[in-house]
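The structure under discussion appears below in the form of structure tokens.
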Amino acid sequence: MRLRIDTTQVKFRVAGMPKARPDFRDKSKQATTPDGRPIWSVRLTAIDTGAGSTETIWVEVTGQQPELVLDEVATVAGLVFSPWVSKRGEIMRSFRADEITQGGGTARGRAA
């Protein structure tokens with residue numbers, strides 16, 4: 001299940017540079033979507049201006065590597081929460097976005 005997140009009152013700051021997500025079977029390779037697009041993980045600090053709280057999250061995007069600047073504001077479009085259960089029965093958090101851009105710039109990535 002994918003739950004869309006309303007980000008109208010959330011600011012995002014780049015907390016880590018985009019990293020290639022390792023392939024599940026071969027950690028030396030970058031993971032890709034079934035149609036061959038590379039998957040990137042970006043660490044962001046989400047700042048909820050309405051609640052006055054912050055949280056660091058990892059968000060996955062696909063396509064070209066997002067061009068971001070550390071500790072600058074980022075725009076996240078189409079953010080969804082897609083939890084899953086591990087083999088050990090633990091609920092794992094997973095965030096995906098249609099696009100992450102530098103303060104409204106042109107860097108793009110598409111959700112898996």
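Values quoted throughout were computed directly from the atomic coordinates according to the rules given, and no laboratory measurement underlies them. All figures in this text were calculated on a predicted structure; none of them were measured in a lab. Backbone-built Cβ (ideal geometry, glycine too); neighbour counts: all protein chains shown.
Here are the numbers for the structure shown:
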item	result
GNM top mover of 90, 55, 67 - the chain, alpha-carbon springs below 10 Å	90
For the chain, built as a Gaussian network whose Cα springs stay under 10 Å, the top-fluctuating residue of 66, 34, 18	34
Derived scalar couplings ³J(HN,Hα) [the stretch 67-80; Karplus, 6.51 cos²θ - 1.76 cosθ + 1.60; whole Hz; x for Gly, Pro]	9, 10, 10, 4, 6, 9, 5, 10, 9, 10, 10, x, 6, 10
Listed peptides 58-64, 23-29 by packing density, highest first (mean Cβ within 10 Å)	58-64, 23-29
Set of lysines near residue 87 by C-alpha distance (under 29 Å), chain-local residues within fewer than 8 positions excluded	19, 27, 29
Reported label for calculated P(r) over Cα pairs in 5 Å bins from 0, in percent given (1) 2, 8, 11, 10, 9, 9, 8, 6, 5, 6, 7, 5, 3, 4, 4, 2, 1; (2) 2, 13, 15, 12, 9, 8, 6, 5, 5, 4, 4, 4, 3, 3, 2, 2, 1, 1, 0; (3) 2, 12, 21, 25, 20, 12, 5, 2, 0	(3)
Relative contact order %, the stretch 3-102, counting alpha carbon pairs below 8 Å whose residues are six or more apart	29 percent
GNM flexibility winner over the chain from 65, 102, 30 (Cα, springs under 10 Å)	30
